[in-house]
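Enquirer: Sending over a structure as structure tokens; questions will come in a sec.
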Amino acid sequence: MKLLKTISLLLPLTSAAVLPREERVSYDGFKVFRVTTGDSLATVQEKLADFSLQQWNLDTSAHIDVAVSPAQLSNFEALGLNVTVMHEDLGADIKAEFDISAVSGLKPRALPDASWFKNYHPYNDHLLFTKDLAATFPSNSEVITSGTTVQGRTITGIHLWGKSGKGSKPAIVFHGNVHAREWITSMTVEYLTYQLVTGYGNNGSAATAMLDAYDFYILPIVNPDGFVYTQTTNRLWRKNRSPAPSGNRCIGTDINRNWPYQWDIPGGSSTDPCDETYRGKTAGDSPENKGLTSLITTLRDTTGIKLYIDWHSYGQYILTPYGYNCTAEAVNQAEEDQLAAGTAAAIKKVGGTTWTTGPSCSTLYATSGSSTDYVGDVGKAEHSITIELRDTGANGFVLPASQILPSGEEQWAGLKYLIANL
Ligand SMILES: [Zn+2]
């Protein structure tokens, strides 16, 4: 006991000495370009090889989206590439996107109000939002957890059910914000949750039909360490915050390349800890993946999983299995194609946005150890989908807060179609 006390007294001093507070990464004056590739991909890549640029997209067949620092700008522009500008000043757009001092400090209230969807929010307010929502719906919901992160945060969400009672219907599972910088995903998932909670019980409403038929397990932020890091230090962080492997300086595993299924298929992830798609040391070794797989396998072994959606951004895609292999077909491929196309049409009807649909690998790029392959094949989900939300490249990850509501509204329409047709 005495020893423990001594250690805990010493710890803050020691860690402060060893780990100085990290400076916030400034993107002031950075310009983000969409560089056209297509037939010129090899030439473009050769020209860009001398620059150390932050690349935003993995599928380079039509274009490469890159953030260019002020120091590199004139040399980059001298290349004479075919470009469009996504952000004139990324730093200014990040400041306009989210002002933490203006939105912090959500007060607990009876029912969170819809003004929540006018802004992005700090992590603790997201937790409070979920807890408040559960508190207003005590007979049909509870706060749930799905494991713990590298830094000890609890992956938190909400379980919703209908008239048959808790845990009696097949599961629908949503994961949001696995990639830390994809902020629109948690806001959109929360919007869908809000529609379910506030719409339930209205005679004939879609929310009532959905909750009476399925139990929803919704986890809006499955990578809270990374999410917090995007708000304190680097807006464009993607991975979790796992420590660098020994002999390496790079932090973070891509949680969506660490699922313990088809994990070591080459080409769909990286073995380099410094890469954005680093797969981790061993299959499923990240604490986040351990916690997430545990809920998935529990649901598989009890009520079964009807639908799984992993929400990402950006690009406007609805992607079905498989990610690890571009020729493997899901057993229900024809049905998946139909559902994805119908969902895309329902989304488009709301705001005119267009969506690309199809199997993940052949439509976008190869992914090994991805959530949808795991939840589909190991979790035995009948439908396992990745949705890449807005936009198609005007803003990319730094999507203005004014698009939160339109994104939520169009996805609610898509979800209504999808679930009615399962
Ligand atoms: Zn993503």
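The values are calculated or read from the model by the stated rules, or taken from the named source; none is laboratory data. Everything numeric in this text was worked out from a predicted model, so none of it was measured. Glycine also receives a Cβ, built like all others from the backbone with ideal geometry; neighbour counts cover every protein chain displayed. Side chains included, ligands, DNA and RNA excluded: accessible areas come from the protein's heavy atoms. Shrake-Rupley method; radii C 1.70, N 1.55, O 1.52, S 1.80 Å.
Enquirer: Output the qualifying pairs, or none if there are none: Cβ atoms under 9 angstrom, residues six or more apart or on different chains, first residue in the stretch 344-356 and of a type in the set (K, R), second residue open to solvent by 60 Å² or more (accessible area, probe 1.4 Å).
Expert: Pairs found: K348/T354.
Enquirer: Return the residue satisfying two criteria in turn: it lies in the stretch 252-289 and is within 15 Å of R241 (Cβ to Cβ) and among the acidic types (D, E), and of such residues it is surrounded by the most Cβ atoms within 10 Å (Cβ to Cβ).
Expert: E288
Enquirer: Looking only at the stretch 138-161, filter to residues that are within 14 Å of E190 (Cβ to Cβ) and in contact (Cβ under 8 Å) with a residue 40 or more places away in the chain; which one of those is farthest from the chain's Cα centre (by Cα)?
Expert: Selected residue: S141.
Enquirer: Would you be able to tell me the number of residues in the stretch 282-319 that are within 16 Å of the ligand (Cβ to nearest atom) and either of a type outside the set (D, E, K, R) or farther than 20 Å from A345 by Cα (or both)?
Expert: 15
Enquirer: Sticking with this one: Among the listed residues G408, G414, G396, which satisfies the condition of being in a helix (DSSP H, G or I) and farther than 15 Å from I318 by Cβ?
Expert: So the residue among G408, G414, G396 that is in a helix (DSSP H, G or I) and farther than 15 Å from I318 by Cβ is G408.
Enquirer: While we're on this one: Mind checking which residues of the stretch 27-41 are open to solvent by 70 Å² or more (accessible area, probe 1.4 Å) and at pLDDT below 95?
Expert: D39
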